[in-house]
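Undergrad: Before I ask anything, let me first share the structure, which is written out below as structure tokens.
What follows is calculated from the coordinates using simple rules that are stated; it is not laboratory data. Predicted, not measured: the structure shown is a model, and the values here were computed from it. Positions of Cβ are backbone-derived with ideal geometry, glycine not excepted, and every protein chain shown enters the neighbour counts.
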Amino acid sequence: MAHAPDVLRGAVELWTTAMREGDFERAWRVADDQIARRPPGATCWHLPRHEQWIWNGAPLDDARVLVRCYHGLGDTLQFARFLPELRARASQTTVWVQPFLAPLLATMADIGRLLPLHDGDPCVDYDVDIEIMELAHALRVTPQVLPGRIPYLHVPPGSRPSKQFSVGVVTQAGKWDEERSILPSQLDLGVEGVALFSLQLAPPLPGMRDASTPDPLLLAARVQAMDLVITVDTMLAHLAGALGVRTWVLLPFDADWRWLTDRTDSPWYPTVRLWRQPRPGDWRSVLDAVRVELSTCARCG
């Protein structure tokens, strides 16, 4: 009989494979099985937050629900789309959200109470708690109901930054997965008729006008003022997608499950186009193709 860590690892692989294939229902069955296997009284609070399981399968209807945002900023933005449906079913909803994202989620209608996430206890009464990425499982979401209403974040756009075709760029992903990032020395997006703007805080991209800001609402406004956003797999991809902005996401060869497999589009975001490495580490082929398409965009608008 396999040890518990081996069983869990196998379940994660099965779940990931199903999600990459777009078979959400199979993924939910795997997750259902894992919930059923947990010993009574099992706890996970000793694990890092992003590895903790929260939802125990309890019904959400007519319950006081606490939504914990324990994963990354992009994860919260991607799954925040399900908060209105949760609020319609629950008697009360509290979203314990990363402080940076609270102003953005506050632009959504009917999602319940927002509280800033911090270390310790949320100090609220609830009947059921769930991590925000578990909402798709709890609501039995399928690709057919995606993407839902886009945009689902509502921030007034900023003023147009240039008369030229304006492109906001981010090449730095989270440090926990450096394969998603593109080194500035690798980057070559210079195309006649295109104005490039760096949207990342640190380091700003050389040769581009700096449009970065630590203010989430101002960032959203500037993103919407762009004709196009080009980004690696990081929070900005989800922010732009949630705002309904035309976005190109540059993906490593072994891309994350949420982008599925062998697709150039995304069921999560209708305005997103995916550009995948043909071989591990091959950003050059991706950037060459992007530059050719960017030249066409500059001519056609």
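Undergrad: What are the ³J(HN,Hα) couplings of region 259-275, residue after residue, when phi is run through the Karplus curve with 6.51, -1.76, 1.60 and θ = phi - 60°? Round to Hz, x for glycine and proline.
TA: Values per residue, Gly and Pro as x: 9, 6, 10, 6, 10, 9, 10, 9, x, 6, 9, x, 9, 9, 10, 9, 10 Hz.
Undergrad: If you build the convex hull over the alpha carbons only and average its shadow over all orientations, what do you get for region 192-245? Give it in nm² to one decimal.
TA: Details: hull surface 15.4 nm².
Hull-based average projected area comes out at 3.9 nm².
Undergrad: Return a whole-number percent for the relative contact order of the chain, with Cα pairs under 8 Å and 6 or more residues apart as the contact set.
TA: 17
Undergrad: Give the span of region 161-301's Cα atoms along each principal axis, as three whole-Å numbers ordered largest to smallest.
TA: Largest to smallest, the principal-axis extents are 36, 31, 29 Å.
Undergrad: Follow-up question, since we're still on this one. Which net charge results for the neighbourhood of Ala173, defined as the other residues with beta-carbon distances under 9 angstrom from its beta-carbon, given Lys and Arg at +1 and Asp and Glu at -1? Could you put the intermediate results ahead of the total?
TA: Numbers: positive: Lys175, Arg180; negative: Asp177, Glu178, Glu179, Asp233.
After counting each charged neighbour, the total is -2.
Undergrad: Within 12 Å, Cβ to Cβ, of Leu287, how many net charges do the neighbouring residues add up to if Lys/Arg are +1 and Asp/Glu are -1?
TA: On the way: positive: Arg284, Arg291; negative: Asp188, Asp282, Asp288, Glu293.
Once positives and negatives cancel, what remains is -2.
Undergrad: Right, another one. I want the local charge near Trp268. Using Cβ-Cβ distances under 14 Å, sum +1 for each Lys or Arg and -1 for each Asp or Glu among the other residues. Mind showing how you got there, number by number?
TA: Details: positive: Arg20, Arg81, Arg149, Arg258, Arg263, Arg273; negative: Asp75, Asp233, Asp256, Asp265.
Net charge around Trp268: +2.
Undergrad: Further, regarding this structure: Antiparallel versus total DSSP beta bridges in the chain: what percent is that, nearest 5?
TA: Values: 1 of 34 bridges.
Around 5 percent of the beta bridges assigned by DSSP in the chain are antiparallel ones.
Undergrad: What is the Rg over Rh value, at two decimals, for region 95-173, using alpha-carbon atoms and the Kirkwood definition of Rh?
TA: Working: Rg = 17.1 Å, Rh = 16.3 Å.
Radius of gyration over Kirkwood radius for region 95-173 works out to 1.05.
Undergrad: I've got another one for you. Report the percentage of all Cα-Cα pairs in region 103-221 whose separation exceeds 16 Å, rounded to a whole percent. Can you show the working numbers first?
TA: Values: 5306 of 7021 pairs.
Value for region 103-221: 76 percent of Cα pairs lie more than 16 Å apart.
Undergrad: Can I ask one more? At 222 nm, what value in deg cm²/dmol follows for the chain if DSSP H runs of at least 4 each add -39500 (n - 2.57) and the sum is divided by all its residues, to the nearest 500?
TA: Values: 9 runs with 89 residues, N = 301.
My calculation for the chain gives -8500 deg cm²/dmol from helical runs alone.
Undergrad: What ratio of Cα Rg to 2.2 N^0.38 Å holds for region 1-128?
TA: On the way: Rg = 15.8 Å, N = 128, 2.2 N^0.38 = 13.9 Å.
Dividing the Cα radius of gyration by 2.2 N^0.38 Å gives 1.13.
Undergrad: Could you work out the relative contact order of region 165-300, using alpha carbon pairs under 8 angstrom and six or more residues apart, expressed as a whole percent?
TA: Working: 236 pairs, mean separation 33.5, N = 136.
For region 165-300, the relative contact order is 25 percent.
Undergrad: In region 165-300, what percentage of the DSSP-assigned beta bridges are antiparallel, given to the nearest 5? Can you show the working numbers first?
TA: Values: 1 of 21 bridges.
Roughly 5 percent of the beta bridges in region 165-300 run antiparallel, per DSSP.
Undergrad: Then there is this: Cα extents of the chain along the three principal axes, largest first, in whole Å?
TA: Cα spread of the chain along its principal axes, largest to smallest: 63, 43, 35 Å.
Undergrad: When the Cα centres of region 191-217 and region 17-46 are compared, how far apart do they sit, in Å?
TA: So the two Cα centres are separated by 40 Å.
Undergrad: Is any residue of region 75-115 close enough, with backbone N under 15 Å, to a label point placed 7 angstrom from the Cα of Asp177 along the Cα-Cβ axis, and if so, which?
TA: What the label zone holds, given the 15 Å backbone N cut-off, is 75-79.
Undergrad: In nm, to one decimal, how far is the modelled label at Thr107 from the one at Asp32, with both set 7 Å along Cα→Cβ?
TA: About 3.8 nm, to one decimal.
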